[in-house]
Every structure is written in C-alpha cells, then in structure tokens.
1. If T370 passes every condition in (1) under 30 Å from D33 (Cβ atoms); (2) modelled with pLDDT of 95 or more but one, which one does it miss?
2. Under the condition of being of a type in the set (S, T, Y) and part of a helix (DSSP H, G or I), which residue from the range 163-198 is farthest from A364 (Cα to Cα)?
3. Might you check whether a residue that is on the phi > 0 side of the Ramachandran plot, within 17 Å of the chain's Cα centre (by Cα) and not assigned by TED's automatic domain parsing to the domain that holds K172 occurs anywhere in the range 287-305?
4. In the range 96-114, what count of residues is obtained for those that are surrounded by fewer than 22 Cβ atoms within 10 Å (Cβ to Cβ), on the phi < 0 side of the Ramachandran plot and not polar (S, T, N, Q)?
5. Exactly one of (1) at pLDDT below 95; (2) more than 19 Å from Y54 (Cα to Cα); (3) under 21 Å from the mean Cα position of the chain (by Cα) is unmet by N272. Its number?
6. Is it true that A297 is surrounded by 15 or more Cβ atoms within 10 Å (Cβ to Cβ), in a loop (DSSP other than H, G, I, E, B), touching a helix residue (DSSP H, G or I) at 6+ places or on another chain (Cβ under 9 Å) and at pLDDT 95 or above?
7. Write out, first by first residue and then by second, each pair whose Cβ atoms fall under 6 Å of each other, whose residues are 6+ apart or on separate chains, and whose first residue, in the range 347-372, is more than 18 Å from G209 (Cα to Cα) while the second is of a type in the set (S, T, Y).
8. Out of curiosity, is R374 surrounded by fewer than 23 Cβ atoms within 10 Å (Cβ to Cβ) and either on the phi > 0 side of the Ramachandran plot or assigned by TED's automatic domain parsing to the domain that holds L109 (or both)?
Amino acid sequence: MSRRSLLRVLGAGAGAAALAGCGVPAAYVEPGDRAAADRSGREKRLVFANWPLYIDTDDEDPQRRPTLDEFEKAGGISVKYTEEINDNDEFFGKISPALMNHQDTGRDLVVVSDWMCARYVHLGWVQEMDRSRQPNVARNLDPLLRRPPFDPGRRHTVPWQSGITGIAYNRKKLGREIRHTSELWKDDLRGRVTLLAGLDEAFCLLMQGNGADVTRWTADDFHTMTDQLRRLVSKRHIRRFTGNDYIKDLSSGDVLACQAYSGDIIQLQADNPDIEFVVPEEGAELWAESLMIPNLARHKSNAERLIDHYYQPEVAARLAAAVNYVCPVPAARDVLAASRDKELAELAGNPLIFPSDDMRKRLATARDMTSKERPVFAKEWNEIVGL
C-alpha cells in the first residue's frame, strides 16, 4: 500500500486557521532564541516524528526498522520513533502553540513537505544545522535539492525523501501517449481526467504546462492558470479534484489520466503495467519532504547525527528500496545496481526513484508563496476546486 494513499490532502488554509484558533498571532523567533541547552552528550536519545509507512521495516516484524536499529546500535542513541504526521496543516496546528510561545515541542526531528517547511523557516521556528556534523549530507545530497527558494543552502532542512508531481495515465485505454500537459485538455479526456485538490500540490505542474518559469512565477502566471481551470470546470472536462483517492479512480478505469505523485505510480505499475507516469515536456515539480530540528529541541546533536546516517549511500539505498520515492542520494543508485538481488538491482534503473538525466532537466521546484500572496491565491483556488 502506498504511504500517500492513507493520507488526507487538505487545502492551504487549515494551518492559518489553527493559528487563529490559538488566539495568539504567529511570532517570528530571532536566531539567538531558537536553541536550548543541548543534552545530547549526557542523554543518548532523541524523538523522531515522521509520516506513516515512510521507513523500512522488517518483513517478519513490522515494528523493527532495520536502518534505524542500525543507527541505535552503532551510536548508542535510543530513538523514539512516532508515526504521528498525517497531514502538514494538522501537524502544524499541533505543534505551533509551543513554537510561538517559545516552548519545547517534545520532538527533536520532524518531517514535513517543503512548502510547509517554508512556513517554519520564515517564522524562525527551526534551527540551523551544523554541517560539520553531517559530512554525508554535504557530500551526497542531490544537487537538484540543495537550493530551495525558502532555505538557501539547505541550512535548516534536509530532504528525507523526494518525489515528482506529474501525469499518470492508462496508455492502453486512452490509446495514445501523453507528453504535454495541454494534452489533458483534449476532447477524448472530457470527464475522464482528475487534478489534485491541494493548492500547493497542484499549481506548479499546471503553470509549467502554460510555459511559466515556476522558480519565479508571478501573479499573472497564477491567474492565467486559474482562468484556464474555470473554463475546464465549466465545460465539465475535469471529472473532479482529488486527494490521494485518484489512485482508486485510475486503477478502476473511471479516469484515464490524472495529476499524480511518482511514488504512488510505482505501486500501481506493479499491478497494472499499462499505467504510465510522465514528466511533461514543459516540466514537472520536484518536491521533497524534509527533516527539520524544531526550536528548543533538547537533543540537536543526536538529531544531526541521525540525519547524516541516512545520507550514507548504503543506508539511503535501503530506504529508497522500501518506500519507492525519489532518492535524495544519487550515489545510492550504484549501491542498488550492484546488488545480487534482481529486484533491488532493477530499482536502480527506475526513473521514478533515480530520474534520468533527460528527466532531471525538466524538473523544477516552485518558489514558495509569500504570506501576503497565500490567502488571496488560496481563496481563488478553493472557489474553483470547491473546498
């Protein structure tokens, strides 16, 4: 089962609503006020909050996590691993009261999507990492992921896994190839195509399809895209806007093409080889879900060591083989290719885990929305989508 198939994708407004409900305005925290006394030297432990189904597990004992167990054994550091993150906005609302009030969240390491990481970074709610403790990160992090607009140099965040938002379609039932986003709007797909409902998940690919440079997109680019969507919705060309339930629609044949996540499609292709995933010629979004150390975390050095553990190519290869997302450590490809296990060796050639050079040229990461832009754009988007 795909990890994302369990998750509920929400619109962009929930996090702001969670803050408003606290009765306290979001407050920027200055760099000098973000760190607590680090207890890593005397307390060999840390708390790591992640999403469900997002780590390797033992086939015979799902409670065992081999790569994490290996870290604990080698470093003598105990890890309390929780699968408590089911939605970016929901988790933001859960820990934001502590962060805005300059309190420890009780977590040393968390994983959220990069568009949400941007919110934490801009608020000053996460700590800068010490790269001298992370030589593997410095050496092995994919160049495509090193410079997100919200965190130049990746000083506050490190990708856990990455992925692509592109187009999935049933080649056999559709009877043609899809190579351009505009091909979703052809008459033979009227009522048989779906798009993602979440603003942050959807808008990048759609603007790329119109030729926009998403690394510096403008309000005009956004409105051109939403005007296009209004016309398509009025003609009932788009069947519906979905969360991760597009997986069921594509599998059943109710839809023939859809906006989709690369990690999900690897799962579907195992059962249906007619399903294809494409990075359109105009480009697709490369995203990441990243590790962060919240303000006042008590075991910062331990957390930095754990992050660096996962940037060893051998460890990254095992994690990639388990979760099937785009691996942020390109060197892990050679590890898998050299495996005597045929299935593992084949993963090294899967472009949805290790994108080809040609595919990489078409991948981009959108600039993040400013706090002033987000309410306006979210309102316009939600009116179209029906949220």
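1. (2)
2. S182
3. Checked the range 287-305: no residue is on the phi > 0 side of the Ramachandran plot, within 17 Å of the chain's Cα centre (by Cα) and not assigned by TED's automatic domain parsing to the domain that holds K172.
4. 4
5. If we test N272 against (1) at pLDDT below 95; (2) more than 19 Å from Y54 (Cα to Cα); (3) under 21 Å from the mean Cα position of the chain (by Cα), just (3) comes out false.
6. It is true that A297 is surrounded by 15 or more Cβ atoms within 10 Å (Cβ to Cβ), in a loop (DSSP other than H, G, I, E, B), touching a helix residue (DSSP H, G or I) at 6+ places or on another chain (Cβ under 9 Å) and at pLDDT 95 or above.
7. From residues that are more than 18 Å from G209 (Cα to Cα), the pairs are L352/S262.
8. no
The values are calculated or read from the model by the stated rules, or taken from the named source; none is laboratory data. These figures come from a predicted structure and were not determined experimentally. Counting neighbours? That spans all protein chains shown, and the Cβs are built from the backbone with ideal geometry, glycine included.
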